[in-house]
1. Based on this model, can you work out whether residue 180 counts as assigned by TED's automatic domain parsing to the domain that holds residue 225, part of a helix (DSSP H, G or I), farther than 19 Å from residue 223 by Cα and among the charged types (D, E, K, R)?
2. Kindly establish whether residue 83 is under 18 Å from the mean Cα position of the chain (by Cα) and outside any loop (DSSP other than H, G, I, E, B).
3. Give the number of residues within the stretch 172-201 that are within 22 Å of the chain's Cα centre (by Cα) and without any contact (Cβ under 8 Å) to a residue 12 or more places away in the chain.
4. Looking only at the stretch 204-216, count every residue that is modelled with pLDDT of 90 or more and loosely packed, with under 14 Cβ neighbours inside 10 Å and tell me the total.
5. Provide a single number: the residues in the stretch 167-179 that are at pLDDT 95 or above and of a type in the set (D, E, K, R).
6. Residue pairs, Cβ under 6 Å, 6 or more apart or interchain, first in the stretch 10-35 and under 17 Å from residue 128 (Cα atoms), second modelled with pLDDT of 90 or more and of a type outside the set (D, E, K, R). List them.
7. Of the numbered conditions (1) farther than 27 Å from residue 204 by Cβ; (2) exposed (fewer than 10 other Cβ atoms within 10 Å of the Cβ), residue 16 satisfies every one except a single condition; which is it?
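The values are calculated or read from the model by the stated rules, or taken from the named source; none is laboratory data. Predicted, not measured: the structure shown is a model, and the values here were computed from it. We place every Cβ from the backbone using ideal geometry, glycine too, and count neighbours over all the protein chains shown.
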Amino acid sequence: MKATGALGIARRALRWLLLAFALGFALSVCVVVLLRFVPPFSSAVMLEDWLDAKLQGDHAFALHYRWTPWDRVAKTLPIALIAAEDQKFPSHHGFDFDAIQSALAEAEDGERLRGASTISQQVAKNLFLWNGRSFVRKGLEAYFTVLIETLWPKRRILEVYLNIAEFGDGTYGAAAASERYFRIPPAELDARHAALLAAVLPNPRRFRVDHPSPYVQRRAEWIQRQAGQLGGAAYLPR
């Protein structure tokens, strides 16, 4: 009788677990489909940064974010982001396996493990997940990356990325960054402005758009050259 009772409990637990997974899957799909058409009011990273500031008593922290549609952002910015972050973006399906293998090979040779995330992966991470390097978070990042690549067109992925990417402490997206650093709307960003914004993305808390270090300036020049070699706006997904 005890064995039968334990088996029954295990079966019920399994059913509840499967139900939870099914509900989680359905909810995540619905949210991703909705965000294909509706601008996100915020992102997980923004909320985490805001909460951290509150918990640390940082009353000076202010979150600056305003959604700007694709057609109101100069095309110099998305092509600069692709040139800087993910040059295979128009052709891959969410993951750059060549970049991943290269990063792992460098790590095996004793070099520091560098990131090999695509723009799609960064959208998944910034929009839905918390900061960190756990296997659980990486698994969820891969899951949301597949959902985004399946349910959104490439242009939507890039539109969301340029709106939620962090360009400085408390500054998220093209509108907030262009107005804060250059005093212009995002539609007026020239190639140099866009390259400077893209150049700080590896670490926007360390690198500055308004006071670019020699490294940031060199990287911005490289990004401009790469954007031109890719073909400029003609390389953007349609």
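1. Working: assigned by TED's automatic domain parsing to the domain that holds residue 225: yes; part of a helix (DSSP H, G or I): yes; farther than 19 Å from residue 223 by Cα: yes; among the charged types (D, E, K, R): yes.
When the stated conditions are applied, residue 180 passes them.
2. Values: under 18 Å from the mean Cα position of the chain (by Cα): yes; outside any loop (DSSP other than H, G, I, E, B): yes.
Yes; evaluated as a whole, the condition is true for this residue.
3. Count: 1.
4. Going through the stretch 204-216, the residues modelled with pLDDT of 90 or more turn out to be 204, 206-216.
Going one step further and asking which of them are loosely packed, with under 14 Cβ neighbours inside 10 Å, we end up with 206, 210-211, 213-215.
Residues that pass the stated criteria total 6.
5. Total satisfying the criteria: 1.
6. 32/147; 32/151; 33/151
7. All conditions are met except number (2).
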